[in-house]
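Asker: This structure is in structure tokens; I'll ask about it shortly.
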Amino acid sequence: MSDISVVKTREDVASKSLQVTVPLDRVQLAETQAIRYYGKHAKLPGFRPGHAPEAVVRRKFGEAIRQTVLEELIRESWDLAIKAEDLKPIAEPHIHDLKFETGQPLEFEFQVEVRPDVQLGRTGGFTVKRTVPPVKDEDVAERLRNLQERKATWLPVEGERPAPGQLVRLDVAPFEGDTPGSAQPYTVVLGEGRTLPEVEERVMGMLPGETLDTEVRFPDDHAEESRRGQSRRVRLTLHEVKRQELPALDDGFAREVGDFESLDGLRAGIRADLEADAKAAAEQAVRQELLQQIYTANDIPAPASLVTRLIRGYMEAYKIPAEQFDRFAPEFHPVAEQQVRRELVLETVVERQGLAATTAEVDERVQVLAAARQLPPGQVYAQLEKSGRLRELERSVTEEKALAWLLQQSTVVEG
């Protein structure tokens with residue numbers, strides 16, 4: 001029996017092309033096995049299972065047999081290619097230039113994306129600065145103001161034109177010729193940028209109950225490219241205006257928003273939270289700076305195929321249509337490049353240092369989550385497994401171990 005031939009024809013840091021030739025005798029053997037399978041399991045009128053002539057089986061299931069042969073030989077060739085080329089694929093291969101003719105060898109090309117072989121010549125000896133900015137009184141006041149706004153009530157405003165910061169309820173009906181079309185209701189807070197600037201300007205000149213026919217222009221950076229710089233006539237109807245009334249800042253407010261006995265206690269709690277946030281942000285900055293130095297010292301690549309794959313993942317997460325790739329790719333590209341480099345470095349460190357998360361470490365993290373949610377660990381584990389997030393948790397633990405190892409190889413100075 002002749003061997004399947006796998007020959008590498010092209011490669012770069014993140015992909016390979018492999019020419020595959022399956023000899024005719026291997027194709028014929030796969031075909032014979034497929035015919036036997038269909039002859040044994042198929043129900044054909046006038047024949048007992050397994051006793052139908054080969055010609056009848058071929059005539060009845062010819063296309064299905066051909067597809068079975070093709071799938072089996074591609075699978076066998078892929079298993080062989082992985083071993084022969086020591087591949088580390090990150091996705092299923094693409095099949096190109098398929099030639100599958102009767103009485104001829106099967107020929108095709110695998111095009112496969114692979115994880116680059118990253119060489120980390122230097123992983124330590126770096127110096128990074130950790131800077132934790134102090135929490136200012138203004139920061140506490142801003143967070144307190146946000147809490148007030150969440151607890152605020154909206155009171156009707158009668159006989160006055162709306163102002164920035166007030167809530168309005170209105171209808172917007174675009175004209176179709178000389179007649180306004182169907183009205184679209186909106187409820188927005190003026191000044192938050194949730195509607196066209198010219199609409200807000202017109203509304204702030206109206207009184208509740210008024211209707212105004214006017215022309216508005218879409219800004220040049222509007223989200224919908226086809227509307228940029230375009231003007232449209234619309235009918236605005238202002239139904240209601242409300243102003244925000246903030247609750248008093250006192251001990252009662254502190255008890256309402258949390259487990260605090262006084263307003264001073266609430267302020268102290270806010271400050272503690274902000275300080276914790278600042279420390280967490282500083283730690284994240286340290287890790288990012290360290291990784292950046294590693295990228296530079298080792299010339300870590302960001303292969304275009306991996307960057308493109310990640311950008312498409314971002315677009316899918318943000319529900320951006322695939323046909324808008326050319327428009328959004330430049331915006332996502334820098335972030336995707338950094339993420340690709342980050343993953344390549346961490347995966348390489350994990351592999352070489354044996355830092356993959358253990359079952360015990362994952363179980364310990366599940367127990368922490370369960371305690372925080374006040375649920376049994378088994379229930380949390382089942383939830384994570386059902387939602388497909390258990391693998392994500394395992395990956396998070398692994399990355400934390402890799403980052404901790406890298407930090408141990410360098411020096412962090414306070415600044």
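Asker: Quick check of the Kirkwood formula: for the stretch 336-415, what is the inverse mean of 1/r over all pairs of different Cα atoms, in Å?
Answerer: 14.2
Asker: Now for a different question. Taking 0.36 nm per residue of separation and subtracting the Cα-Cα distance, what length does fully extending E54 through A322 add?
Answerer: Residue separation times 0.36 nm, minus the Cα-Cα distance, leaves 91.8 nm.
Asker: Which Cα, out of L190, V135, A404, lies furthest along the positive dipole direction of the chain (beta carbon charges, K/R +1, D/E -1)?
Answerer: In the chain, that residue is A404.
Asker: In a solvent-free Debye calculation with one equal scatterer on each Cα, what is log10 I(q)/I(0) for the stretch 129-268 at q = 0.13, 0.15, 0.17, 0.18 Å⁻¹, listed in the order of the q values?
Answerer: -0.73, -0.84, -0.94, -0.99
Asker: Using alpha carbon centroids, what distance separates the stretch 252-305 and the stretch 359-412, in Å?
Answerer: Result: 19 Å between the Cα centres.
Asker: Further, regarding this structure: Report the FRET efficiency, 1/(1 + (r/R0)^6), for L44 and K83, where r is their Cβ-Cβ distance and R0 is 30 Å, rounded to 0.05.
Answerer: Calculated value: 0.15.
Asker: Counting alpha carbon pairs within less than 8 Å and at least 6 residues apart, what relative contact order, in whole percent, applies to the stretch 265-415?
Answerer: With pairs under 8 Å counted, the relative contact order is 23 percent.
Asker: Take every DSSP beta bridge whose two residues both sit in the chain, then give the antiparallel share in percent to the nearest 5.
Answerer: Of all bridge pairs located within the chain, approximately 90 percent are antiparallel.
Asker: Another question, if that's okay. Please say if the stretch 1-130 is rounded, prolate or oblate, where rounded means a/c under 1.5 for a ≥ b ≥ c the square roots of the C-alpha gyration tensor eigenvalues, and otherwise the choice is prolate for a/b larger than b/c and oblate otherwise?
Answerer: prolate
Asker: Give me the three principal axis extents of the chain from the C-alpha atoms, as integers in angstrom, largest value leading.
Answerer: 91, 69, 45
Asker: Here is a further query. Only helical DSSP H runs with n ≥ 4 go in: add -39500 (n - 2.57) per run for the chain, normalise by residue count and round the 222 nm mean residue ellipticity to 500 deg cm²/dmol.
Answerer: -16500 deg cm²/dmol
Asker: A further question follows. Just to confirm, what accessible area per residue do you get for the chain at 1.4 Å probe, in whole Å²?
Answerer: Counting only protein heavy atoms, the per-residue value for the chain is 61 Å².
Asker: Using alpha carbons only, how many angstrom separate the centre of the stretch 104-144 from the centre of the stretch 1-76?
Answerer: If we compute the Cα centre of each part, the gap is 44 Å.
Asker: Further question: Of all the accessible heavy-atom surface of the stretch 23-116, with the other protein chains kept in place and a 1.4 Å probe, what percent is carbon and sulfur?
Answerer: 51
Asker: Any idea what the dipole of the chain comes to, in debye rounded to 20, about its Cα centre with Lys/Arg Cβ at +1 and Asp/Glu Cβ at -1?
Answerer: Charge dipole, the chain, about its Cα centre: 1420 debye, nearest 20.
Asker: Taking R0 as 60 Å, what FRET efficiency do you get between S387 and L24 from their Cβ-Cβ distance, rounded to the nearest 0.05?
Answerer: 0.75
Asker: If Lys and Arg each add +1 and Asp and Glu each add -1, what is the summed charge of the other residues whose beta carbon sits under 13 Å from the beta carbon of A152?
Answerer: +2
Asker: Let me ask something additional. For all pairs of alpha-carbon atoms in the stretch 131-208, what percent lies in each bin of width 10 Å, listed from the first bin to the last filled one?
Answerer: 15, 34, 27, 15, 8, 3, 0
Asker: When all protein chains stay in place, what accessible area (Å², nearest 10, 1.4 Å probe) is found for H94?
Answerer: 100
Asker: Which of the peptides 150-158, 167-175 is most tightly packed, and how do the rest follow, going by the mean number of other Cβ atoms within 10 Å of each residue?
Answerer: So the peptides 150-158, 167-175, ranked by packing, come out 167-175, 150-158.
Asker: Out of residues 5 or more away from R130 or on other chains, whose amide H comes under 5 Å of its own, with H placed 1.01 Å from N in the peptide plane?
Answerer: For R130, the qualifying residues are V413, E414, G415.
The values are calculated or read from the model by the stated rules, or taken from the named source; none is laboratory data. Keep in mind that this is a model prediction, so the values were computed, not measured. Cβ: placed from backbone, ideal geometry, glycine included. Neighbour counts: every protein chain shown. These area figures cover heavy atoms from the full protein model, side chains too; ligands, DNA and RNA do not enter into them. Shrake-Rupley method; radii C 1.70, N 1.55, O 1.52, S 1.80 Å.
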